[in-house]
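The values are calculated or read from the model by the stated rules, or taken from the named source; none is laboratory data. In this text, all values refer to a predicted model and were calculated from it rather than measured experimentally. Note that each Cβ is placed from the backbone with ideal geometry, even for glycine, and that neighbours are counted across all protein chains shown. SASA here: full protein model, heavy atoms, side chains in, ligands and nucleic acids out. Shrake-Rupley method; radii C 1.70, N 1.55, O 1.52, S 1.80 Å.
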Amino acid sequence: FISIDCGAEEDYLDGDTGITYKTDKDFIRTGKNKVVAPEYYLTIPYFGNMVNSLRTFPEGKRNCYTLKPRQGKNQNYYVRAFFYHGNYDSKNQTQKFDLYLGVNYWATVLAAKDRPWQYYNIIHYSVTDTIYVCLVNTGFGVPFINGLDLRFMNDSPYRSMNRSLRPRVQADLGGHQTHNSIIIRYKDDVFDRIWWLYDLTDSVSIGTETNIDIQGSDDPYRLPVEVLRTAVQPRNGLNSLSYNYTSPYKENFTPEFRVYFHFAEIFEQTAPGKLREFTITLNGLNYGPFTLEYLKPLTIRSNVTQVQEGQVRFSIDATLRSDLPPILNAFEIFVLWPLPDSPTNQTD
(Lines give C-alpha, C1' and ligand atoms only; values in the text may rest on other atoms or scores of the structure.)
Protein backbone atom coordinates (compact mmCIF):
# COMPACT_ATOMS: atom_id res chain seq x y z
CA PHE A 1 0.00 0.00 0.00
CA ILE A 2 0.93 3.61 -0.63
CA SER A 3 -1.41 5.87 1.38
CA ILE A 4 -0.78 9.61 1.28
CA ASP A 5 -2.56 12.12 3.49
CA CYS A 6 -2.02 15.16 1.32
CA GLY A 7 -1.29 18.20 3.47
CA ALA A 8 -0.53 16.22 6.64
CA GLU A 9 2.42 17.42 8.70
CA GLU A 10 3.67 13.99 9.77
CA ASP A 11 3.19 10.26 9.12
CA TYR A 12 0.67 8.48 11.33
CA LEU A 13 -1.29 5.26 11.84
CA ASP A 14 -5.01 5.91 11.59
CA GLY A 15 -6.79 4.05 14.37
CA ASP A 16 -10.16 3.90 12.61
CA THR A 17 -8.99 2.42 9.31
CA GLY A 18 -5.78 0.66 10.35
CA ILE A 19 -4.03 2.42 7.45
CA THR A 20 -0.61 4.05 7.86
CA TYR A 21 -0.65 7.41 6.12
CA LYS A 22 2.46 9.17 4.88
CA THR A 23 2.88 12.87 4.24
CA ASP A 24 3.33 13.90 0.64
CA LYS A 25 6.83 15.33 1.04
CA ASP A 26 8.46 12.28 -0.60
CA PHE A 27 6.03 12.28 -3.54
CA ILE A 28 5.81 15.91 -4.69
CA ARG A 29 7.92 19.06 -4.35
CA THR A 30 5.31 21.72 -5.13
CA GLY A 31 2.16 22.98 -3.43
CA LYS A 32 1.11 24.26 -0.01
CA ASN A 33 -0.43 22.47 2.98
CA LYS A 34 -3.90 23.57 4.11
CA VAL A 35 -6.68 22.37 6.43
CA VAL A 36 -10.45 22.60 6.00
CA ALA A 37 -12.35 25.28 7.90
CA PRO A 38 -13.27 24.16 11.45
CA GLU A 39 -17.01 24.32 10.75
CA TYR A 40 -16.54 21.89 7.81
CA TYR A 41 -14.40 19.39 9.69
CA LEU A 42 -15.49 15.80 8.97
CA THR A 43 -15.44 12.76 11.23
CA ILE A 44 -15.80 9.80 8.90
CA PRO A 45 -14.48 6.64 10.55
CA TYR A 46 -13.80 4.73 7.33
CA PHE A 47 -11.64 7.56 5.97
CA GLY A 48 -10.15 8.76 9.25
CA ASN A 49 -8.67 12.22 9.44
CA MET A 50 -7.30 12.17 5.90
CA VAL A 51 -10.14 14.26 4.39
CA ASN A 52 -9.52 17.26 6.66
CA SER A 53 -6.08 18.22 5.34
CA LEU A 54 -5.20 19.06 1.75
CA ARG A 55 -2.45 20.29 -0.52
CA THR A 56 -3.16 23.13 -2.92
CA PHE A 57 -1.30 24.09 -6.10
CA PRO A 58 -1.65 27.82 -6.77
CA GLU A 59 1.41 27.83 -9.04
CA GLY A 60 2.05 26.00 -12.28
CA LYS A 61 -0.39 24.51 -14.78
CA ARG A 62 0.45 20.87 -13.98
CA ASN A 63 1.58 19.43 -10.65
CA CYS A 64 2.28 15.70 -10.36
CA TYR A 65 2.67 13.15 -7.60
CA THR A 66 5.34 10.54 -8.32
CA LEU A 67 4.44 7.04 -7.12
CA LYS A 68 7.04 4.28 -7.31
CA PRO A 69 5.49 1.01 -6.10
CA ARG A 70 8.12 -1.60 -5.31
CA GLN A 71 6.33 -4.16 -7.49
CA GLY A 72 7.30 -2.07 -10.52
CA LYS A 73 6.00 -2.09 -14.06
CA ASN A 74 3.69 -4.54 -15.87
CA GLN A 75 1.47 -4.86 -12.82
CA ASN A 76 -2.11 -3.97 -11.95
CA TYR A 77 -2.70 -1.14 -9.47
CA TYR A 78 -5.74 0.42 -7.84
CA VAL A 79 -5.31 4.22 -7.73
CA ARG A 80 -7.71 6.45 -5.79
CA ALA A 81 -7.72 10.22 -5.21
CA PHE A 82 -9.82 12.04 -2.57
CA PHE A 83 -11.13 15.61 -2.72
CA TYR A 84 -12.86 17.72 -0.09
CA HIS A 85 -12.90 21.52 -0.29
CA GLY A 86 -14.26 22.33 3.16
CA ASN A 87 -13.89 26.09 2.49
CA TYR A 88 -10.18 25.79 3.26
CA ASP A 89 -9.48 29.19 1.64
CA SER A 90 -12.50 31.07 3.14
CA LYS A 91 -13.37 32.29 -0.37
CA ASN A 92 -16.58 30.29 -0.83
CA GLN A 93 -15.63 29.68 -4.46
CA THR A 94 -16.28 26.72 -6.74
CA GLN A 95 -13.13 25.21 -8.24
CA LYS A 96 -12.85 22.97 -11.29
CA PHE A 97 -9.69 21.25 -12.48
CA ASP A 98 -8.58 18.09 -14.26
CA LEU A 99 -7.07 14.91 -12.89
CA TYR A 100 -4.62 12.99 -15.07
CA LEU A 101 -3.02 9.57 -14.80
CA GLY A 102 0.36 10.20 -16.38
CA VAL A 103 -0.25 11.74 -19.80
CA ASN A 104 -3.89 10.58 -19.99
CA TYR A 105 -7.03 12.38 -18.83
CA TRP A 106 -8.75 10.69 -15.87
CA ALA A 107 -11.50 12.98 -14.52
CA THR A 108 -12.68 16.55 -13.99
CA VAL A 109 -13.01 17.51 -10.33
CA LEU A 110 -15.72 20.01 -9.35
CA ALA A 111 -15.35 21.19 -5.77
CA ALA A 112 -16.97 23.85 -3.61
CA LYS A 113 -17.29 24.56 0.11
CA ASP A 114 -20.74 22.97 0.31
CA ARG A 115 -20.06 19.99 -1.97
CA PRO A 116 -19.50 16.68 -0.16
CA TRP A 117 -16.20 14.87 -0.23
CA GLN A 118 -15.63 12.74 -3.31
CA TYR A 119 -13.14 10.29 -4.68
CA TYR A 120 -12.11 8.99 -8.09
CA ASN A 121 -10.67 5.53 -8.52
CA ILE A 122 -9.22 3.53 -11.38
CA ILE A 123 -7.68 0.10 -11.86
CA HIS A 124 -4.61 0.70 -13.98
CA TYR A 125 -2.13 -1.66 -15.64
CA SER A 126 1.15 0.22 -15.48
CA VAL A 127 3.77 -0.35 -18.18
CA THR A 128 6.26 1.87 -16.32
CA ASP A 129 7.91 1.63 -12.91
CA THR A 130 6.66 5.11 -12.02
CA ILE A 131 3.01 6.20 -11.91
CA TYR A 132 2.24 9.92 -12.10
CA VAL A 133 -1.00 11.39 -10.75
CA CYS A 134 -1.31 14.97 -11.98
CA LEU A 135 -3.55 17.91 -11.10
CA VAL A 136 -4.03 20.28 -14.04
CA ASN A 137 -5.16 23.88 -13.71
CA THR A 138 -7.78 24.58 -16.40
CA GLY A 139 -8.36 28.21 -15.42
CA PHE A 140 -11.34 27.63 -13.12
CA GLY A 141 -9.67 27.68 -9.70
CA VAL A 142 -6.72 26.32 -7.78
CA PRO A 143 -6.32 22.51 -7.92
CA PHE A 144 -6.03 20.64 -4.62
CA ILE A 145 -6.09 17.08 -3.29
CA ASN A 146 -6.76 15.56 0.15
CA GLY A 147 -5.61 11.97 -0.21
CA LEU A 148 -4.01 9.58 -2.66
CA ASP A 149 -3.98 5.77 -2.47
CA LEU A 150 -2.18 3.16 -4.51
CA ARG A 151 -2.92 -0.55 -4.00
CA PHE A 152 -1.09 -3.44 -5.64
CA MET A 153 -3.63 -5.81 -7.19
CA ASN A 154 -1.13 -8.64 -8.05
CA ASP A 155 -2.46 -11.17 -10.59
CA SER A 156 -5.83 -9.56 -10.50
CA PRO A 157 -8.80 -10.79 -12.52
CA TYR A 158 -9.60 -7.09 -12.98
CA ARG A 159 -6.68 -6.71 -15.34
CA SER A 160 -7.58 -5.14 -18.66
CA MET A 161 -4.78 -4.64 -21.14
CA ASN A 162 -4.51 -1.33 -23.06
CA ARG A 163 -7.35 0.26 -21.07
CA SER A 164 -8.06 0.95 -17.44
CA LEU A 165 -11.17 0.07 -15.46
CA ARG A 166 -13.06 2.89 -13.76
CA PRO A 167 -15.52 1.62 -11.12
CA ARG A 168 -18.97 3.13 -11.44
CA VAL A 169 -20.79 0.87 -8.95
CA GLN A 170 -19.33 -1.37 -6.23
CA ALA A 171 -22.45 -2.65 -4.52
CA ASP A 172 -22.72 -4.67 -1.31
CA LEU A 173 -26.24 -6.14 -1.27
CA GLY A 174 -28.35 -7.05 1.75
CA GLY A 175 -25.89 -5.62 4.23
CA HIS A 176 -28.11 -3.12 6.04
CA GLN A 177 -29.28 -5.91 8.34
CA THR A 178 -25.87 -6.61 9.80
CA HIS A 179 -23.38 -3.83 9.02
CA ASN A 180 -22.69 -0.96 11.38
CA SER A 181 -21.68 1.37 8.53
CA ILE A 182 -22.63 2.01 4.93
CA ILE A 183 -19.11 1.29 3.70
CA ILE A 184 -16.80 -1.73 3.83
CA ARG A 185 -13.12 -1.35 2.94
CA TYR A 186 -9.70 -2.33 4.37
CA LYS A 187 -9.07 -4.28 6.65
CA ASP A 188 -12.11 -6.32 5.65
CA ASP A 189 -11.07 -6.00 2.00
CA VAL A 190 -7.48 -7.05 1.28
CA PHE A 191 -7.43 -4.92 -1.91
CA ASP A 192 -9.04 -1.96 -0.08
CA ARG A 193 -11.91 -1.69 -2.54
CA ILE A 194 -14.69 0.52 -1.20
CA TRP A 195 -18.08 -1.23 -1.06
CA TRP A 196 -21.29 0.74 -0.62
CA LEU A 197 -24.56 -0.66 0.68
CA TYR A 198 -27.11 -1.04 -2.10
CA ASP A 199 -30.69 -2.21 -2.43
CA LEU A 200 -32.40 -3.69 -5.46
CA THR A 201 -36.07 -3.01 -6.13
CA ASP A 202 -38.50 -5.81 -5.27
CA SER A 203 -35.87 -7.63 -3.21
CA VAL A 204 -35.43 -8.70 0.41
CA SER A 205 -32.21 -9.01 2.38
CA ILE A 206 -30.84 -12.30 3.67
CA GLY A 207 -27.73 -13.05 5.68
CA THR A 208 -25.77 -15.57 7.70
CA GLU A 209 -23.29 -15.52 10.58
CA THR A 210 -21.47 -18.57 9.19
CA ASN A 211 -17.87 -17.95 8.20
CA ILE A 212 -16.92 -17.99 4.52
CA ASP A 213 -13.33 -19.07 3.92
CA ILE A 214 -12.05 -16.59 1.36
CA GLN A 215 -8.41 -17.41 2.22
CA GLY A 216 -8.71 -21.12 1.54
CA SER A 217 -10.78 -20.83 -1.62
CA ASP A 218 -9.26 -20.44 -5.05
CA ASP A 219 -11.33 -17.32 -5.64
CA PRO A 220 -8.95 -14.58 -6.88
CA TYR A 221 -11.48 -11.78 -6.25
CA ARG A 222 -11.08 -12.03 -2.47
CA LEU A 223 -14.32 -10.27 -1.56
CA PRO A 224 -14.69 -9.39 2.13
CA VAL A 225 -16.48 -11.99 4.23
CA GLU A 226 -18.89 -9.27 5.40
CA VAL A 227 -19.92 -8.61 1.81
CA LEU A 228 -20.41 -12.29 0.96
CA ARG A 229 -22.37 -13.04 4.15
CA THR A 230 -25.30 -10.94 2.95
CA ALA A 231 -27.34 -11.04 -0.22
CA VAL A 232 -30.72 -10.19 -1.71
CA GLN A 233 -33.35 -12.42 -3.21
CA PRO A 234 -36.63 -11.52 -4.94
CA ARG A 235 -39.51 -10.68 -2.65
CA ASN A 236 -42.11 -13.42 -2.18
CA GLY A 237 -43.61 -14.78 -5.34
CA LEU A 238 -40.98 -13.38 -7.71
CA ASN A 239 -38.24 -15.34 -9.46
CA SER A 240 -36.15 -12.49 -10.79
CA LEU A 241 -33.76 -9.75 -9.60
CA SER A 242 -33.15 -6.74 -11.82
CA TYR A 243 -31.11 -3.52 -11.88
CA ASN A 244 -30.75 -0.60 -14.28
CA TYR A 245 -27.72 1.70 -14.26
CA THR A 246 -27.65 4.93 -16.27
CA SER A 247 -24.30 6.67 -16.51
CA PRO A 248 -24.46 10.27 -15.21
CA TYR A 249 -21.46 11.17 -17.38
CA LYS A 250 -21.47 12.35 -20.98
CA GLU A 251 -18.39 10.77 -22.53
CA ASN A 252 -16.93 11.83 -25.88
CA PHE A 253 -16.73 8.15 -26.81
CA THR A 254 -19.21 5.27 -26.82
CA PRO A 255 -18.64 3.75 -23.37
CA GLU A 256 -17.91 0.06 -22.93
CA PHE A 257 -18.79 -1.61 -19.66
CA ARG A 258 -17.81 -4.78 -17.83
CA VAL A 259 -19.91 -6.18 -14.98
CA TYR A 260 -18.82 -8.56 -12.22
CA PHE A 261 -21.53 -10.56 -10.42
CA HIS A 262 -20.50 -11.97 -7.03
CA PHE A 263 -22.36 -14.90 -5.48
CA ALA A 264 -22.07 -17.14 -2.43
CA GLU A 265 -24.70 -19.64 -1.28
CA ILE A 266 -25.32 -18.67 2.35
CA PHE A 267 -28.17 -21.07 3.08
CA GLU A 268 -27.47 -24.70 3.75
CA GLN A 269 -30.38 -26.37 2.03
CA THR A 270 -32.76 -27.70 4.65
CA ALA A 271 -34.58 -29.97 2.21
CA PRO A 272 -32.31 -32.36 0.30
CA GLY A 273 -32.36 -32.01 -3.46
CA LYS A 274 -33.48 -28.38 -3.49
CA LEU A 275 -31.92 -26.69 -6.51
CA ARG A 276 -30.98 -23.02 -6.90
CA GLU A 277 -30.25 -22.45 -10.58
CA PHE A 278 -30.36 -19.16 -12.44
CA THR A 279 -29.32 -17.32 -15.59
CA ILE A 280 -28.04 -13.76 -16.06
CA THR A 281 -29.24 -11.46 -18.84
CA LEU A 282 -27.05 -8.38 -19.31
CA ASN A 283 -27.98 -5.87 -22.00
CA GLY A 284 -29.56 -8.65 -24.05
CA LEU A 285 -26.71 -11.15 -23.63
CA ASN A 286 -27.37 -14.38 -21.73
CA TYR A 287 -25.04 -16.14 -19.30
CA GLY A 288 -25.54 -19.43 -17.51
CA PRO A 289 -27.25 -21.38 -16.15
CA PHE A 290 -25.32 -21.33 -12.85
CA THR A 291 -25.63 -23.23 -9.58
CA LEU A 292 -23.96 -22.38 -6.28
CA GLU A 293 -22.04 -24.46 -3.76
CA TYR A 294 -22.63 -23.81 -0.07
CA LEU A 295 -20.33 -21.04 1.25
CA LYS A 296 -18.15 -21.12 -1.89
CA PRO A 297 -17.73 -17.76 -3.69
CA LEU A 298 -18.51 -17.59 -7.39
CA THR A 299 -17.88 -14.55 -9.60
CA ILE A 300 -19.24 -14.24 -13.12
CA ARG A 301 -17.40 -11.68 -15.25
CA SER A 302 -19.33 -10.38 -18.23
CA ASN A 303 -17.97 -9.80 -21.67
CA VAL A 304 -17.37 -6.18 -22.59
CA THR A 305 -20.65 -4.58 -23.62
CA GLN A 306 -20.81 -1.39 -25.68
CA VAL A 307 -23.64 0.88 -24.63
CA GLN A 308 -24.88 3.76 -26.80
CA GLU A 309 -27.10 5.43 -24.23
CA GLY A 310 -24.86 4.69 -21.23
CA GLN A 311 -27.30 2.20 -19.70
CA VAL A 312 -26.41 -1.12 -18.14
CA ARG A 313 -29.39 -3.40 -17.46
CA PHE A 314 -29.32 -6.86 -15.97
CA SER A 315 -31.72 -9.43 -14.61
CA ILE A 316 -31.02 -12.66 -12.74
CA ASP A 317 -33.74 -15.22 -13.30
CA ALA A 318 -34.51 -18.62 -11.81
CA THR A 319 -34.57 -21.41 -14.39
CA LEU A 320 -37.75 -23.42 -14.89
CA ARG A 321 -36.33 -26.38 -12.99
CA SER A 322 -35.01 -24.30 -10.07
CA ASP A 323 -36.70 -24.86 -6.69
CA LEU A 324 -35.29 -21.67 -5.16
CA PRO A 325 -35.19 -18.02 -6.27
CA PRO A 326 -31.93 -16.41 -7.42
CA ILE A 327 -29.67 -14.52 -5.02
CA LEU A 328 -26.98 -11.88 -5.53
CA ASN A 329 -24.40 -10.92 -2.89
CA ALA A 330 -22.58 -8.06 -4.65
CA PHE A 331 -21.87 -6.63 -8.07
CA GLU A 332 -19.51 -4.18 -9.74
CA ILE A 333 -19.92 -2.10 -12.88
CA PHE A 334 -16.79 -0.74 -14.60
CA VAL A 335 -16.37 1.46 -17.63
CA LEU A 336 -13.33 0.67 -19.77
CA TRP A 337 -11.34 3.86 -19.77
CA PRO A 338 -9.20 4.62 -22.84
CA LEU A 339 -5.56 5.55 -22.33
CA PRO A 340 -4.72 6.74 -25.85
CA ASP A 341 -1.33 8.29 -25.15
CA SER A 342 1.70 6.16 -24.31
CA PRO A 343 4.13 7.29 -21.60
CA THR A 344 7.73 8.01 -22.53
CA ASN A 345 9.81 4.85 -22.77
CA GLN A 346 11.82 4.58 -19.56
CA THR A 347 15.00 3.87 -21.54
CA ASP A 348 14.77 7.15 -23.49
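Okay, here's what the table says:
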| item | result |
| --- | --- |
| Residue tally, condition closer than 13 Å to residue 133 by Cβ and loosely packed, with under 15 Cβ neighbours inside 10 Å, over segment 83-122 | 1 |
| Lone qualifier among 138, 128 - being modelled with pLDDT of 95 or more and either open to solvent by 10 Å² or more (accessible area, probe 1.4 Å) or not acidic (Asp, Glu) (or both) | 138 |
| Any chance residue 79 is under 20 Å from residue 339 (Cβ atoms), surrounded by 16 or more Cβ atoms within 10 Å (Cβ to Cβ), over 21 Å from the mean Cα position of the chain (by Cα) and modelled with pLDDT of 95 or more | no |
| Lone unmet requirement of (1) of a type in the set (Val, Ile, Thr); (2) open to solvent by 40 Å² or more (accessible area, probe 1.4 Å); (3) part of a loop (DSSP other than H, G, I, E, B) for residue 28 | (2) |
| Residue list for segment 276-294, restricted to those being modelled with pLDDT of 90 or more and assigned to a loop (DSSP other than H, G, I, E, B) | 276, 283, 284, 292 |
| Which listed residue is aliphatic (A, V, I, L, M), under 21 Å from residue 176 (Cα atoms) and out of contact with any helix residue (DSSP H, G or I) (no Cβ under 7 Å at 6 or more places or on another chain), from 259, 225 | 225 |
| Residues of segment 74-101 satisfying the condition of being closer than 17 Å to residue 149 by Cα and of a type outside the set (A, V, I, L, M, F, W, C) | 75, 76, 77, 78, 80, 84, 100 |
| Which numbered condition residue 227 fails, given (1) part of a strand (DSSP E or B); (2) β-branched (Val, Ile, Thr); (3) under 16 Å from residue 171 (Cα atoms) | (1) |
| Single residue of segment 295-318 satisfying the filter (part of a strand (DSSP E or B) and of a type in the set (A, V, I, L, M)) that is nearest to residue 239 (Cα to Cα) | 318 |
| Answer residue from segment 15-52, given it is among the acidic types (Asp, Glu) and more than 11 Å from residue 147 (Cβ to Cβ) and is modelled with the lowest pLDDT among those | 16 |
| Residue satisfying all of: in segment 205-262; of a type in the set (Gly, Ala, Ser) and out of contact with any strand residue (DSSP E or B) (no Cβ under 9 Å at 6 or more places or on another chain); surrounded by the most Cβ atoms within 10 Å (Cβ to Cβ) among these | 217 |
| Every pair of residues 6+ apart whose Cβ atoms lie under 6 Å, when the first sits in segment 67-93 and is farther than 12 Å from residue 1 by Cβ while the second is charged (D, E, K, R) | 72/129; 73/129; 76/159; 85/113; 87/113; 88/34; 92/113 |
| Residues within segment 1-39 that are closer than 12 Å to residue 54 by Cβ and of a type outside the set (S, T, N, Q), tallied | 12 |
| Residue count for segment 160-193, restricted to those that are surrounded by 14 or more Cβ atoms within 10 Å (Cβ to Cβ) and either at pLDDT below 85 or in contact with a Cys (Cβ under 6 Å, 6 or more places away or on another chain) (or both) | 5 |
